[in-house]
1. Identify, by number, the condition in (1) open to solvent by 60 Å² or more (accessible area, probe 1.4 Å); (2) part of a loop (DSSP other than H, G, I, E, B); (3) hydroxyl-bearing (Ser, Thr, Tyr) that residue 321 doesn't meet.
2. Of the numbered conditions (1) open to solvent by 10 Å² or more (accessible area, probe 1.4 Å); (2) of a type outside the set (A, V, I, L, M); (3) modelled with pLDDT of 90 or more; (4) more than 24 Å from residue 534 (Cβ to Cβ), residue 407 fails exactly one; give the number of that condition.
3. So residue 96 fits all but one of (1) at pLDDT 95 or above; (2) in contact with a Leu (Cβ under 7 Å, 6 or more places away or on another chain); what number is the exception?
4. Among the helices (runs of 4 or more DSSP H) lying completely within segment 415-500, list those that include at least 2 residues that are under 15 Å from residue 402 (Cα atoms) and among the aliphatic types (A, V, I, L, M).
5. Could you list, in sequence order, the residues of segment 540-559 that are under 42 Å from the mean Cα position of the chain (by Cα), open to solvent by 20 Å² or more (accessible area, probe 1.4 Å) and closer than 21 Å to residue 521 by Cβ?
6. For segment 190-212, name all the residues that are small (Gly, Ala, Ser) and surrounded by 23 or more Cβ atoms within 10 Å (Cβ to Cβ).
7. Scan 535, 600, 562 and give me the residue that is part of a helix (DSSP H, G or I) and open to solvent by 20 Å² or more (accessible area, probe 1.4 Å).
8. Across segment 68-100, which residue is surrounded by the most Cβ atoms within 10 Å (Cβ to Cβ) among those that are more than 17 Å from residue 28 (Cβ to Cβ) and of a type in the set (D, E, K, R)?
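The values are calculated or read from the model by the stated rules, or taken from the named source; none is laboratory data. Remember, it's a predicted structure, so these values are computed and weren't measured experimentally. Neighbour counts are summed over all protein chains in view; Cβ atoms, including those assigned to glycine, are modelled from backbone coordinates with ideal geometry. Areas reflect the complete protein model, heavy atoms only, side chains present, ligands, DNA and RNA absent. Shrake-Rupley method; radii C 1.70, N 1.55, O 1.52, S 1.80 Å.
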Amino acid sequence: MACLLETPIRMSVLSEVTASSRHYVDRLFDPDPQKVLQGVIDMKNAVIGNNKQKANLIVLGAVPRLLYLLQQETSTTELKTECAVVLGSLAMGTENNVKSLLDCHIIPALLQGLLSPDLKFIEACLRCLRTIFTSPVTPEELLYTDATVIPHLMALLSRSRYTQEYICQIFSHCCKGPDHQTILFNHGAVQNIAHLLTSLSYKVRMQALKCFSVLAFENPQVSMTLVNVLVDGELLPQIFVKMLQRDKPIEMQLTSAKCLTYMCRAGAIRTDDNCIVLKTLPCLVRMCSKERLLEERVEGAETLAYLIEPDVELQRIASITDHLIAMLADYFKYPSSVSAITDIKRLDHDLKHAHELRQAAFKLYASLGANDEDIRKKIIETENMMDRIVTGLSESSVKVRLAAVRCLHSLSRSVQQLRTSFQDHAVWKPLMKVLQNAPDEILVVASSMLCNLLLEFSPSKEPILESGAVELLCGLTQSENPALRVNGIWALMNMAFQAEQKIKADILRSLSTEQLFRLLSDSDLNVLMKTLGLLRNLLSTRPHIDKIMSTHGKQIMQAVTLILEGEHNIEVKEQTLCILANIADGTTAKDLIMTNDDILQKIKYYMGHSHVKLQLAAMFCISNLIWNEEEGSQERQDKLRDMGIVDILHKLSQSPDSNLCDKAKTALQQYLA
């Protein structure tokens, strides 16, 4: 059955197609094998560089017939090879062509062809497979469906420079994620490909290099292995360093820099190693200069951003290399009206892809400013930087918006900038807009940044509150995404810190006690810790403690009991005891503890715990309950003495921990006063 294009073809077009192309397909069915071969050769010449002819032949059913001839045992090797060449040429057309070929199950047929003893036929099949697998419409998984394929491809690597080039290209395109890396690694990819880096063929060296970059990405196992591989007596990292020298082609420099970057990030090369500091980093900075092509500048900036992201020293070195911070500002002015691009095709391409430059610049600025205050200041002082970021927040490209938010988030770690530039540019306004309707990946970073804007020293806190942030954040706490729940509750925690009673009441009302207790039983530890932090901030200052406990006391005491009884870590229990200590600091709220013998027994238990943090937190509860200057202190002291608390205090006053010892002595003085 013929494989048809997805778009229906009108009858008038079909008759035109039939007239001009039918004879090519008809000749494939000739009973004379010699005429069939000549027909395939003529078809090959007709389709080269002619996308219309390719589409016509696919519509007319050429593909199933070519595949039939390719797989027929009676076909000569020459015919099979010519069929593979034509199929490869058809695959070089549009994505629809590739889809049609895939629908006809071309991949199993070509993989079967690789079992042939004839090298020319094998090379033709591999060339066609390379073209198909490098198409964005081909699922990579098709390479891994049959477990015998990868070992067979490894064995074919030694056959010729063409098998080496095509197989490496197939591997580098089809290696997506740790599962694929593991399969290739376990089948000896490192050993089989390493010696290709010294091949006389530039294309083979280049494809081998690309293979190593995808194998090493975020993979410690592969990266640790690569560090120790010897090729002609030279270690692999040294070979990569030679390949990123200035006299090498840009593509080779960039890919070598990627290999070393990925090995460094995977922990196989130290960040202070000379091959990183003196070779890889300067090479990537060079790629950011305006002399480079758009895609080189994008790749250079994004790889550099990834290299320096976790390391403050590399961030400092990069920031003072070749005026990088100012150089990146050019990424936003591209292409300029006086652009040096005279090639109209290149200009058209760059106009369509200019947003990728902005995305790359935002990413690199985010990494540069991740830790150092001086670097953040330099970035923000770069011409119109804040305006550019604010504009980036509303770009149509999701990737640019995400990169702009990440950049802003990185800069928002600065107390100084939160108080100045962020306020001057009212950054919170576009950020709130982003939070209204965005994909999760943007929401996670934007809400994380909102946490910083809600810190008590941030001038943006007030206007954010007035713009309906409480409802928005409470909504985030109900997300299925744990990162969004954490950020929602974290922002509310920051909002509640030293806040007025009205804000606290708004938070409790919008969140609802039901949701608060759902969060207290959340399976994600970060959510639980931030919820406890929120409760602790809500229950601060006496009038607020008494007010909240008068309306929600029963449920809060219930939640505290559940957590103290549950299987939780030290930090969770410490936070929970600190909440109790805050309740104990209330005027009327104290009674909720004093009338709850179960809670009192738990406080007593934690005073004698083996962990000092928990003993100290329990001590705070006791100190607040027995404080002399407060009404009813005598009755509370008596009740606690009858429970044996004083005996424990005497014991703790002998503690080797000075902090605990001092607190116990201070508490005992309340009894003596």
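1. (1)
2. Residue 407 satisfies every listed condition except (1).
3. (1)
4. 428-436, 440-453
5. 552, 555, 558
6. 208
7. Going through 535, 600, 562 in turn, just one is part of a helix (DSSP H, G or I) and open to solvent by 20 Å² or more (accessible area, probe 1.4 Å): 562.
8. 99
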